1. Tally the residues that are open to solvent by less than 10 Å² (accessible area, probe 1.4 Å) and closer than 22 Å to residue 47 by Cα, restricting the search to region 95-108.
2. Could you grab the pairs with beta carbons closer than 7 Å, sequence gap of 6+ or different chains, first residue in region 56-73 and over 20 Å from residue 232 (Cα atoms), second one assigned to a loop (DSSP other than H, G, I, E, B)?
3. Take residue 296 and tell me if it is modelled with pLDDT of 95 or more, surrounded by 13 or more Cβ atoms within 10 Å (Cβ to Cβ) and basic (Lys, Arg).
4. Identify, from the list 63, 90, the residue that is surrounded by fewer than 18 Cβ atoms within 10 Å (Cβ to Cβ), of a type in the set (Lys, Arg) and touching a strand residue (DSSP E or B) at 6+ places or on another chain (Cβ under 7 Å).
5. Go through (1) open to solvent by less than 30 Å² (accessible area, probe 1.4 Å); (2) at pLDDT below 95; (3) in contact with an Asp or Glu (Cβ under 6 Å, 6 or more places away or on another chain) one by one and return the number of the condition residue 164 breaks.
6. Yes or no: residue 112 basic (Lys, Arg), open to solvent by 20 Å² or more (accessible area, probe 1.4 Å), in contact with a Leu (Cβ under 8 Å, 6 or more places away or on another chain) and not in a helix (DSSP H, G or I)?
7. Looking at (1) among the aromatic types (Phe, Trp, Tyr); (2) farther than 23 Å from residue 95 by Cβ; (3) open to solvent by less than 20 Å² (accessible area, probe 1.4 Å), which one does residue 39 not meet, given that it meets all the others?
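The values are calculated or read from the model by the stated rules, or taken from the named source; none is laboratory data. All figures in this text were calculated on a predicted structure; none of them were measured in a lab. Cβ: placed from backbone, ideal geometry, glycine included. Neighbour counts: every protein chain shown. Ligands, DNA and RNA are stripped out before the accessible areas are found, and what is left, the full protein with its side chains, is counted by its heavy atoms. Shrake-Rupley method; radii C 1.70, N 1.55, O 1.52, S 1.80 Å.
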Amino acid sequence: MIQASLFQVEAELYRKSFYEFYKGSFSVLEPGVEYIDGWFIKYLCDRLQQECERIIRKERKQKDIIINIPPRTSKSLIISVAFPVWCWLKDSRLKFICASYSSSLSLELSVKSRDLLQSDWLKARFPNLHIKDDSNTKSSFINIDGGQRISTSIEGTLTGKGANFLLVDDPQMPSQAESEAESQNTINWFKGTAYNRLNNEKSDVRIIVQQRLNEKDLTSYLLENSPESYEHICLPVELTDDVKPESLKEFYKDNLLWPDRFDTQIIEQYKKNLGSRKYAGQYLQSPAPADGLLFKRDWFKIIKRSEFDIRFKNKDTPDQDKITWNVIIDPAETEKQNNDPTGILVYCYKGDELYINWIQNVRKDFTNLLKYLREVLPSYLKPESRVMIEGKSSGKSIISQLKLTTNWNVIELQPGRDSKFIRAESITAFAESGKLHLIEGNWNEEYISQLITFPNGKHDELVDCTVYAVKNKSKQIEFFLA
């Protein structure tokens with residue numbers, strides 16, 4: 001009798017608070033594992049509870065939700081496993097679609113959720129919540145009141161399926177973090193298969209939770225293309241400017257998200273074992289660390305125009321006559337905004353030091369690009385200057401037209417068989433040596449930002465241009481000549 005009364009008290013507490021329910025269910029979800037509480041666990045539970053109660057009240061949605069949080073922070077247990085079960089304690093008719101990057105992960109989370117529903121712990125406190133016997137599989141189950149939880153993967157189909165909650169948990173595999181194709185597959189799936197699966201667009205909600213993998217992942221796509229449609233919750237393991245909402249910064253203790261789980265010593269081990277690129281994405285929720293990925297920010301030396309002029313000054317020869325500017329052009333596939341723009345880089349050498357004078361990214365159709373090049377490049381060119389253009393797609397046509405319509409020394413380049421990453425990696429020693437200089441200009445930050453975010457950045461045309469410029473001096477560019 002006393003035990004029954006205790007269960008009733010707990011049941012009332014758990015119905016009122018998802019946070020309390022999650023803590024109470026943890027021993028069922030992770031038997032033998034010590035529960036370690038964290039302020040962000042309560043924050044996430046309370047925020048999810050608000051959405052559930054709002055939907056039950058049929059109130060209009062303000063925004064969908066994106067949650068970026070490191071691995072091993074119980075995000076899947078909270079969102080994909082426990083949350084659908086708790087929602088059924090509030091309204092057992094609610095429907096869920098739960099998706100992850102693979103069918104095996106999605107099924108694993110579904111089974112955990114089903115096991116919680118069928119556990120003695122839950123039955124003792126909520127005896128009226130049952131799964132229908134004829135609708136009870138690993139990938140989908142329905143309770144006796146019609147509430148449903150469907151699991152799927154990024155490759156899965158959802159034809160004819162609808163839900164009040166679309167929960168997308170880890171939409172891309174961490175081991176494929178650098179795969180632009182996999183990121184695009186995820187985006188295409190979300191846009192084409194998952195996005196329109198809500199039963200009521202006005203009130204139902206999409207919740208995407210993931211660790212950041214690269215600057216072209218689903219989070220990046222959604223925040224770039226529809227920032228007004230998403231509430232962004234970002235919880236890096238260390239206190240950074242990326243914490244969102246900013247009010248959550250005050251909860252970091254000693255600049256750490258969860259010092260009881262990830263203290264300074266453990267974080268240093270992660271940094272060492274993962275490397276800066278993976279650590280920045282998975283744990284800091286920033287695909288590029290502040291100092292750079294393959295290229296480091298402090299490798300690029302900015303010098304004033306006056307200092308550059310002094311370096312080239314010579315009592316016998318006017319300055320400009322001693323400088324031969326060369327041009328590298330990496331043509332765009334098209335002028336569309338989602339494609340890399342055409343990259344233009346103007347540079348020269350003094351000894352073994354590389355000086356970049358000017359860069360430009362332009363998105364123009366073929367005719368207007370040719371016009372632009374003929375307008376801006378003559379001020380840099382002398383008869384001995386070389387205008388080197390990568391001969392891919394539109395590049396061949398640009399080369400042909402410039403040879404016909406100008407007297408420039410136009411040269412076709414080919415990238416060779418190596419990947420962009422390998423080609424870029426081959427010039428890191430040169431860049432790190434401090435021999436790569438940027439003449440001060442309003443383009444400096446744009447250039448540096450693209451190089452330090454490579455290979456996770458949105459564009460890489462200036463990386464390609466830089467590779468060609470470095471190889472030109474070392475004579476290795478001869479391997480690239482068409």
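1. Counting residues in region 95-108 that are open to solvent by less than 10 Å² (accessible area, probe 1.4 Å) and closer than 22 Å to residue 47 by Cα gives 5.
2. What qualifies is 56/91; 58/203; 59/203.
3. Answer is no for this residue.
4. Values: 90 fails: touching a strand residue (DSSP E or B) at 6+ places or on another chain (Cβ under 7 Å).
Step by step, each of 63, 90 is checked, and only 63 is surrounded by fewer than 18 Cβ atoms within 10 Å (Cβ to Cβ), of a type in the set (Lys, Arg) and touching a strand residue (DSSP E or B) at 6+ places or on another chain (Cβ under 7 Å).
5. Every listed condition holds for residue 164 apart from (2).
6. Numbers: basic (Lys, Arg): yes; open to solvent by 20 Å² or more (accessible area, probe 1.4 Å): yes; in contact with a Leu (Cβ under 8 Å, 6 or more places away or on another chain): yes; not in a helix (DSSP H, G or I): no.
So residue 112 does not fit the description; no.
7. (3) is the only condition that residue 39 fails.
So that you can scan it fast, the table gives a plain yes or no per residue for (1) among the charged types (D, E, K, R); (2) touching a residue at least 60 places away in the same chain (Cβ under 8 Å); (3) farther than 25 Å from residue 83 by Cα:
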{"residue": "230", "(1), (2), (3)": "no, yes, no"}
{"residue": "268", "(1), (2), (3)": "yes, no, yes"}
{"residue": "271", "(1), (2), (3)": "yes, no, yes"}
{"residue": "293", "(1), (2), (3)": "no, yes, yes"}
{"residue": "301", "(1), (2), (3)": "yes, yes, yes"}
{"residue": "304", "(1), (2), (3)": "yes, yes, yes"}
